[in-house]
1. Just to verify a result, which residue in the stretch 413-443, among those that are buried (at least 21 other Cβ atoms within 10 Å of the Cβ) and touching a strand residue (DSSP E or B) at 6+ places or on another chain (Cβ under 6 Å), is modelled with the lowest pLDDT?
2. Could you count how many residues in the stretch 390-412 are over 15 Å from residue 342 (Cβ atoms), modelled with pLDDT of 85 or more and touching a helix residue (DSSP H, G or I) at 6+ places or on another chain (Cβ under 8 Å)?
3. Being in contact with a helix residue (DSSP H, G or I) (Cβ under 8 Å, 6 or more places away or on another chain) and modelled with pLDDT of 90 or more is the filter here; which residues of the stretch 351-380 pass it?
4. Considering (1) surrounded by fewer than 20 Cβ atoms within 10 Å (Cβ to Cβ); (2) at pLDDT 85 or above; (3) part of a helix (DSSP H, G or I), say which one residue 347 fails and leave the rest.
5. Hey, among 98, 75, 70, 92, which residue is at pLDDT below 90 and either in the same structural domain as residue 145 (by TED's automatic domain parsing) or farther than 18 Å from residue 32 by Cα (or both)?
6. Looking for whichever is part of a loop (DSSP other than H, G, I, E, B), surrounded by 13 or more Cβ atoms within 10 Å (Cβ to Cβ) and more than 57 Å from the chain's Cα centre (by Cα) here; the options are 125, 164, 104. Which one fits?
7. Are any residues in the stretch 184-229 closer than 26 Å to residue 117 by Cβ and loosely packed, with under 12 Cβ neighbours inside 10 Å, and if so, which ones?
8. Collect the residues in the stretch 265-307 that are crowded, with 16+ Cβ neighbours inside 10 Å and modelled with pLDDT of 80 or more, keeping them in residue-number order.
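The values are calculated or read from the model by the stated rules, or taken from the named source; none is laboratory data. Bear in mind that the values here come from a model prediction, so they are computed numbers and not experimental data. Cβ sites come from the backbone with ideal geometry, for glycine too, and all protein chains shown count toward neighbours.
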């Protein structure tokens with residue numbers, strides 16, 4: 001605020017994100033405020049001394065009050081971010097008293113008032129409170145300025161120094177002072193609001209950045225979990241089938257070892273072939289998992305699909321589970337590699353379970369049905385079955401059907417035996433988060 005004889009000098013202050021009054025602030029911020037307060041204190045003392053020497057006020061009877069006044073200004077600036085609203089009231093009252101009684105100090109009071117006024121707009125989190133306090137100060141200062149102008153005019157008229165010829169100059173000077181005050185408080189108000197808005201935007205950006213970082217960590221964790229599920233499913237499908245087949249063949253070879261050496265030799269040859277196949281598929285799986293980017297492994301892999309289901313049926317028959325294979329319908333275009341791999345693995349798991357649980361004398365029937373919009377695979381077997389237990393095999397079949405956008409039915413039949421029926425659509429936009437079998441990437 002300025003009177004006709006005291007023009008304001010603007011100043012700026014550094015700021016941080018708005019904090020509530022009385023809350024702890026970083027040590028660096030406290031140090032900056034203390035330094036700025038010391039600068040204001042020093043400036044107020046120098047300003048008061050030079051003004052007193054210059055005789056600007058004439059009488060310097062109250063010059064001794066410049067020291068406590070300077071201390072108030074310095075302390076208010078140093079504590080402005082800790083208690084911004086309180087410090088604004090303190091500075092406004094001190095400034096009013098200093099000008100009223102004529103303390104010889106011209107500039108530090110204006111600088112301090114601007115800084116603290118700005119700080120209220122920039123750092124008070126309660127925006128309604130910040131608005132009310134600043135409006136009250138501006139209204140009070142405007143009323144004080146109005147009274148000062150009226151008093152100056154009346155004094156001039158009484159003393160005869162304000163005649164008709166001096167009125168234009170007097171009005172012009174008062175309007176200039178009024179304009180300076182409007183710019184003074186308007187600038188402090190604008191810069192305070194702008195600073196608070198920028199701090200809010202930074203806080204929102206930091207929060208969003210933290211949320212994105214948390215989402216990235218969650219996504220990375222989910223990707224790792226999906227990879228673990230995929231690897232576990234592939235290892236189960238590759239290893240369990242061949243190990244089960246080798247177990248059946250080895251058991252059959254042991255039972256006929258003494259009475260039919262030739263048959264036993266054939267069965268052991270099958271065990272050897274199953275072991276080699278299992279190792280080959282396991283090696284291909286590991287090579288695919290270890291391959292980065294789109295680089296292909298050095299060896300030429302064997303991709304399983306609908307064309308290899310008959311070989312799977314033959315293995316089941318050789319292992320003692322009489323199995324038939326039937327194809328119903330025709331298809332115009334070859335299904336996607338992902339769909340073929342999933343159907344093959346479902347058939348593989350269903351036949352493996354049949355060999356393990358159906359018992360001696362059981363038979364199985366594999367049917368592949370092509371519809372205009374889907375492929376249906378059905379594996380039904382006869383024989384006995386104990387209580388249905390949902391293990392990793394069942395879970396893997398359900399996951400493979402879900403990856404291709406299809407469904408799978410698993411359970412005992414009413415007339416005896418067990419049924420696995422999977423129906424997968426020919427066209428499906430796979431979810432990017434769904435784990436793709438490594439074998440499908442080799443197609």
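1. 418
2. 0
3. Narrowing the stretch 351-380 to residues in contact with a helix residue (DSSP H, G or I) (Cβ under 8 Å, 6 or more places away or on another chain): 351-356, 362, 364, 366, 368, 375, 377, 379.
Correct list: 364, 366, 368, 375, 377, 379.
4. (1) is the only condition that residue 347 fails.
5. Working: 75 fails: at pLDDT below 90; 70 fails: at pLDDT below 90; 92 fails: at pLDDT below 90.
None of the other options fit; the residue is 98.
6. Numbers: 125 fails: more than 57 Å from the chain's Cα centre (by Cα); 164 fails: surrounded by 13 or more Cβ atoms within 10 Å (Cβ to Cβ).
It is 104.
7. Of the stretch 184-229, the ones closer than 26 Å to residue 117 by Cβ are 184-204.
Selection gives 186, 201, 204.
8. Across the stretch 265-307, the qualifying residues are 268, 305, 306.
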